[in-house]
Amino acid sequence: MSRLGSMGARLYRGEVGYDFVGKRKLWYGVSILITITAILGLVVQGLNLGIEFKGGLVVTTPKTSVSAEQAREAAEEVSGHLPIVQELGTGGLRIQISDVGTGEADRITGELAQELKVPAGDLNADIVGPSWGEQIANKAWMGLGIFMVLVVVYLAIAFEWRMAVAALIALIHDITITVGIYALVGFEVTPGTVIGLLTILGYSLYDTVVVFDSLKESSKDITKQTRYTYSEVANRSINGTLVRSINTTVVALLPVAGLLFIGGGVLGAGMLNDISLSLFVGLAAGAYSSIFIATPLVADLKEREPQMKALRKRVLARRAKGEAGEQGPEDARPADETAASADEADEADDTTAAGAVVGPRRQPARGRGRRR
């Protein structure tokens, strides 16, 4: 068995573990700091909306020897706006000029053909109106709202309302961080970005539901035992699914990283950046939130219940009693043995209540026969 697989098995059995829930205030602080940074970037810099949302002129050239930098300078000179130039696989160029009206489009196309020394008839010019992008944005917001409502309803029915609230907060956390990263990096926001944002919501929810399902199974009849608090059971659930979450995240991030860093960075396919960045940041944020945000939030909400408060008191009282028994004087052996026997009986009752498999009860010995 590999080292990672062996560690996963030990985490699942509870032999080792990291106290994620116990250090939840640290994770909350880190998430709040990242979220505030993302919001400040969004407010100060704003999003670099693509031409689909602002409207403008898109000119596609045939195969040409003109470089992208030369085309950028020529387009900026004839339009007065900062263009975006991308090299196409056919050897041509795609030139985007935002905030250009219909009246200017013909003039800019004609002058651009002269600057690039390309026949005007060979240029493919399209006018994109801002209303089209506005319709996409409105439908995306509508879809996001419907998705959030359905998620809350489903989780409230399948699990409980506390898990639904925690999952909703985790989803909002992931979206905020992803959008903030776009504002800070300055990547162009296109319809592909919107698709990427909607895609990461499903992945983030899947990772969260895996942990919630393990927690639901582990917390059955939790009030009938006195060995673990709800927070400790939640922490064991996180550790039990930790390796699975890591493996799923790494496998999902590898192809997305190839699109972002190799396709967009090395090969210069800039059109891949809009969707690959949203997927990369969103997948990482989704894995983080399912482990460090969603489940600790559920534990916080559950620990406020009277039953869980009473359970915590019983667990702590039992542990204090056990520590006091271990530190007793050696000259009180009969009393210590009696207390130890009582503790063993209590532990057996707790194990039975927690759903452990117990062997058949031994029958009392019968007499061997009548005396003669």
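Points worth noting:
- Computed accessible area, residue 161, all protein chains, 1.4 angstrom probe, square angstrom: 140
- Between residue 199 and residue 323, the C-beta separation translates, for a Förster distance of 56 Å, into a calculated FRET efficiency of about 0.65.
- Highest mean first, the peptides 190-196, 294-300, 214-220 sorted by other C-beta atoms within 10 Å per residue fall in the order 294-300, 190-196, 214-220.
- Apolar share of the accessible surface for region 62-145: 51 percent from carbon plus sulfur atoms, 1.4 Å probe.
- Taking other residues whose beta carbon is less than 15 angstrom from the beta carbon of residue 27, and scoring Lys, Arg as +1 and Asp, Glu as -1, yields 0.
- Measuring only protein heavy atoms, the 1.4 Å probe finds residue 321 accessible over about 110 Å².
- Per-peptide average of other Cβ atoms within 10 Å, ordering 41-53, 148-160 highest first: 41-53, 148-160
- Under the combined filter of DSSP loop state and at most 13 neighbouring Cβ atoms within 10 Å, region 67-172 retains these trypsin sites (Lys or Arg not before Pro): 117.
- Each Lys or Arg adds one and each Asp or Glu takes one away; over the other residues whose Cβ falls under 15 Å from the Cβ of residue 53, this sums to -3.
- FRET efficiency, residue 206 to residue 65 (Cβ-Cβ, R0 51 Å, nearest 0.05): 0.55
- Per-pair calculated FRET efficiency, R0 = 56 Å: residue 87 and residue 313 via Cβ, rounded to 0.05: 0.25
- Proximal charge balance of residue 120 [Cβ under 12 Å; K/R count +1, D/E count -1]: -2
- With DNA, RNA and ligands ignored, accessible area of residue 99 (1.4 Å probe; Å², nearest 10): 90
- Residue order by solvent-accessible surface for 173, 81 is 81, 173, largest first, with ligands and nucleic acids left out and a 1.4 Å probe.
The values are calculated or read from the model by the stated rules, or taken from the named source; none is laboratory data. Bear in mind the structure is a predicted one, so any value in this text is a computation, not a measurement. Using ideal geometry, Cβ is built from the backbone for each residue, glycine included, and neighbour counts are taken over all protein chains shown. Accessible surface areas use protein heavy atoms only, side chains included; no ligands, DNA or RNA. Shrake-Rupley method; radii C 1.70, N 1.55, O 1.52, S 1.80 Å.
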